[in-house]
1. As an exercise: evaluate A:Val342 against (1) within 10 Å of RNA strand B (Cβ to nearest atom); (2) at pLDDT below 90 and give the number of the one condition it does not meet.
2. In the range A:178-203, how many are closer than 22 Å to A:Ala566 by Cβ and within 14 Å of RNA strand B (Cβ to nearest atom)?
3. Does the range A:608-628 contain any residue that is part of a helix (DSSP H, G or I) and near RNA strand B (Cβ under 6 Å from one of its atoms)?
4. Can you find a residue that is in a loop (DSSP other than H, G, I, E, B), farther than 19 Å from A:Ser473 by Cβ and touching a Phe, Trp or Tyr at 6+ places or on another chain (Cβ under 7 Å) anywhere in the range A:134-150?
5. In the range A:741-767, what residues are in a helix (DSSP H, G or I), touching a residue at least 60 places away in the same chain (Cβ under 8 Å) and touching a helix residue (DSSP H, G or I) at 6+ places or on another chain (Cβ under 7 Å)?
6. Only one of A:Tyr312, A:Tyr334 is among the aromatic types (Phe, Trp, Tyr), within 45 Å of the chain's Cα centre (by Cα) and surrounded by fewer than 22 Cβ atoms within 10 Å (Cβ to Cβ); which?
7. If you check A:Arg348 against the conditions, is it in a helix (DSSP H, G or I) and closer than 27 Å to A:Glu277 by Cβ?
Amino acid sequence: MQEYFNFDEVEKKWTTRWHEENLYKTGDDPNKENYYVLEMFPYPSGNLHMGHVRVYSIGDVIARYKRMQGYNVLHPMGWDAFGLPAENAAIKHGNIHPQEWTWKNIDNMRRQLKAMGLSYDWDREVTTAKEDYYRWTQWFFVQMYNNGMAYKKESTVNWCPSCDTVLANEQVVNNACERCDTEVESRDLEQWFFKITDYAEQLLEDHKLLDNWPEKVKIMQKNWIGRSEGMRIKFSVKGVDEELEVFTTRPDTLYGATYMVLAPEHPLVKDLTKGTEMESKVEEFVARVKRQKEMERTSAESDKMGLFTGGYAINPVNGEEIPIMIANYVLMSYGTGAIMAVPAHDERDFSFARKYDLPIKVVIQPEAREEILTAADMDEAYTGNGYLINSEEYNGLSVTDAFAKMGKDFEAKGIGNLEVNYRLRDWLISRQRYWGTPIPIVYCDDCGVQPIPEADLPVKLPHDVEFSPTGESPLTTVEEFVNTTCPACGGAAKRETDTMDTFVDSSWYFLRYLDPHNEAEPFAKEESKNWFPVDQYIGGIEHAILHLLYSRFFTKVVHDMELTDAVEPFTNWLAQGMVLKDGAKMSKSKGNVVDPEEILAEYGADTARLFILFASPPEKDLEWSEKGVEGADRFLNRVWRLVSDNLAGLKKVDADYQIDNFSKEEKSLHRALHVAIKKVSEDVGERLNFNTAISAIMELTNEVYSYLNDRKSKDTNYQLLKDVMEKTVLMLAPFAPYMTEELWEELGQEGSVHRASWPEYNKKALQKDEITIVVQINGKVRDKLNVPAKISKTDMEEKAMDRERVQEYLAGKEVIKTIIVPGKLVNIVIR
RNA sequence: GCGAAAGUGGCGGAAUUGGCAGACGCGCUAGAUUUAGGAUCUAGUGGGCUUCCCCCGUGUGGGUUCGAGUCCCACCUUUCGCACCA
């Protein structure tokens, strides 16, 4: 046996054997429970980065641990292979096709993942850009078109001028493109949408089922969905035969409405101003607001701009005539695009009213205030609780009671309806780019919009395309693609040329893994019963809204299509932290990138994995440290040497012994073993705290070293040592799969360590004969003493009191009381 | 502005239920081994001090408690999310 761990040799040896034995094939033992662990699949950029190393190391430890625990484990890997960088690379380099670029990257990254020793079932590899996958993405689209979940409409959408395509709302961050950070523009276009808003309530409601999701992420999604309860109230408009509807969360302040505001895009604006002296002014104003960037318009700090339209609305409760304004701070995309303004009790309305000198009428009186609140002494809106004033029969009611009573009354009188509104918009899925799933729709002059029949799927993405971005989909230039026949009438028709957002591809890949070779359906329902939902999902928090919300939506759609019983895709989600170097995220521009390939070449996969799991708990950010990597390497070699140095002795015996006549040192080592098993099992299995699990194994290893050092001249108990080493190797196996496999073989074991059972601890072995208790005087530790483990409370107190040191402290003082925590401490309170 | 999380040695971090703060690792110091270096092993390593005794110590200030890193209140700093959504 080598004296040190030669990772290169060992990795080569076991990579081959594992492949030959198909060791990580998904289990199908009917006597075992199933467990599905999944990490977010990568975009094939070409090379792994440290973030990948971290997330896949975490997933692999869980997969390996669960296998050893006796589960059938589904642990698959694939490629989020459609997307812009492939096209951009093609444009930049001129001579490489996006497909070729992608396939090449996948090959390289697959090689890198394999080098990391990850236990994937590669037979289930899924690639979203392959026909056998996107065919089913299209199939889902057609199903969704047929049940009304996919539809086309013209609206104002976000356009990224750098990516030359529209974006979904979720892909716009601070008014900039989530991918390239370019400021987005608004365009009015006809686009395809998924009706995610139909599921707004359920997406919120079902957060309840996601106990083990980070609270933060649920809050982010909740904010994004933006549910608010309120009322839709109808105002009549003076002199115009039309009603003006507003949405408000404060119907209780209706008596305080002193003006109305329409979004500049509101259709009523034209009706109100047509032919009036205001017409040209209003038109000018609308044009000005439209020129304003979305950012300026929707930022809380920016100035509110408004203009009187000349029209008046009638307050339905008291008949008051109130002026109708238009203003930039009211958005057409939320609610009805119009509001009733209650400046006394809404901050935005207040600042607008002050700026344009509009009346302010107080209708809520703060409970705590003695004198009556008036508009004159307000310098900000009062939005808190209180009771109603200036509101006729509702005077004196609390805000909550008024809301309830007015809601009921207004509904009865036909003034308004209780309504729930959401900030969430439908998901815009069309993209004007080449490298994506074609939308399976044709347009026929006679039959209109026609989905492609199932039998004709996939609509293949043509290969030879001039894909330089022009703002229109590159597919429009491919005549063989565009010109087709109508599936309904057989006449000439044209294909949809937009492709789908790649987030569509990744919204259901976790379902395809269940049954990746199924040619008849996206997956068999039976397989979803076996494996779905994912028991443990792992990935970056940057997808808190995007991918995770879309996947939840998709799962609910698939559920309602009766293809699965599950309503949520990911039972547990671990959001892993970033990998930092010098306190900052690794990036090319900062020049602080550490290439995983170099680390693997220098230290091997086991060391790289061990370090990245040891340096920090998985959900926190991790500071990369070359010294830390060396430390991990040192530890693995310490374990290796324990086996190699004692191999002769270990080979002679079995791990079989009676503890009854163990020496003190042997007992202590035996106990340390079982303490470690308990700790590691809990940390890996329940807490997912791999850093402390590894430190527990290190402590055990340190115990073995001190045991061997203490006994230099005496006999080593090889039976015990063998047991300790076997179990150390088992516990280390999920972290360092190569080295442990080699040691397992050296220890004379048959079969793979990764098919062996996880060790169990013995409760009895954890017990101590003698324990150390602490004696405190007034809460300060003053003495420690060793006592039998089974000592009674009174004996504890007695022994503590007997101590010389304690007596010194007690001299001349009065003992007020003593607190005794069994097995831990005695605290003597003196005065 | 609102919301959430965090703040512990020189560094990464541990302390799971209110009970010995600093496990484990890095770094550092000393010793052993070695021709030397590296590697390895052993011991030490929060600060102070009248040095084996005591005092101080988990962002700051207060509080609850026999006892607080942990609970409560106020504040500071950092990170993240939201930010005219009616």
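1. (2)
2. 2
3. Among the residues of the range A:608-628, at least one is part of a helix (DSSP H, G or I) and near RNA strand B (Cβ under 6 Å from one of its atoms), which makes the answer yes.
4. Yes: one or more hits.
5. A:Glu741, A:Glu742, A:Leu743, A:Glu746, A:His754, A:Ala765, A:Leu766
6. On inspection, the qualifying residue turns out to be A:Tyr334.
7. no
Residue by residue, here is whether (1) under 32 Å from the mean Cα position of the chain (by Cα); (2) open to solvent by less than 30 Å² (accessible area, probe 1.4 Å) holds:
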site	(1), (2)
A:Leu613	yes, yes
A:Pro618	yes, yes
A:Asp621	yes, no
A:Phe635	no, yes
A:Arg638	no, no
A:Lys664	no, no
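The values are calculated or read from the model by the stated rules, or taken from the named source; none is laboratory data. Computed from a prediction, not measured in an experiment: that's the story for all the values here. So basically every Cβ, Gly included, is an ideal-geometry build from the backbone, and we count neighbours across all protein chains shown. Ligands, DNA and RNA are excluded from the accessible area calculation, which covers all protein heavy atoms including side chains. Shrake-Rupley method; radii C 1.70, N 1.55, O 1.52, S 1.80 Å.
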